[in-house]
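Okay, structure first, notes after.
Each value in this text was obtained by applying a stated rule to the coordinates, not by laboratory testing. What you see is a predicted model; the values in this text were computed from it and never measured.
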């Protein structure tokens, strides 16, 4: 199978290119197995070298409101009266 740990950005880029090539491979085939292993290696490398901080909760709510075209009034059944919504947002 000739797979090795991802230690550098060059290794990472090569693994991503290989994943793209293998994407859609059937499970439990040599290519499917290779894809599974590469995905695990890339996930591990990204967690260590490219961590993503969780969003600020208020920013996440505002983002979702914008996506769903919601107003503060729309949040009242979920959060509570207008004053409570104002406290949260």
Running a GNM on the chain with Cα contacts under 10 Å, which residue among 46, 76, 18 ends up with the highest mean-square fluctuation? 76
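What 222 nm value per residue comes from the helices of the chain, counting each DSSP H run with n ≥ 4 as -39,500 (n - 2.57) and dividing by all residues, nearest 500 deg cm²/dmol? Mind showing how you got there, number by number?
Values: 5 runs with 61 residues, N = 89.
Taken over the chain, the calculation gives -21500 deg cm²/dmol.
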Among 35, 22, 75, which one shows the highest mean-square fluctuation when the chain is modelled as a Gaussian network with alpha-carbon springs under 10 Å? 75
Working out 0.36 nm times the residue gap between residue 44 and residue 26, then minus their Cα-Cα distance, what length gain in nm do you get to one decimal? 4.2 nm
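List the relative contact order of the chain as a percent without decimals, with contacts defined as Cα pairs under 8 Å and 6+ residues apart.
On the way: 39 pairs, mean separation 18.9, N = 89.
After rounding, I find 21 percent.
In the chain, what is the volume of the convex hull around the alpha carbon atoms, normalised per residue and reported in Å³? The partial results should precede the final answer.
Working: hull volume 13.1 nm³, N = 89.
Looking at the chain, the number lands at 147 Å³ per residue.
Kindly give the semi-axes, whole Å and largest first, of the ellipsoid equivalent to region 9-49, taking each as the square root of 5 times a Cα gyration tensor eigenvalue.
Details: eigenvalues 74, 23, 8 Å².
That gives 19, 11, 6 Å for the three semi-axes.
Can you tell me the length gained on complete extension of the stretch residue 2 to residue 72, counting 0.36 nm per residue apart and subtracting the Cα distance? Don't skip to the answer; put the middle values down first.
Working: separation 70, 0.36 × 70 = 25.20 nm, distance 5.47 nm.
Extending this stretch completely gives an extra 19.7 nm.
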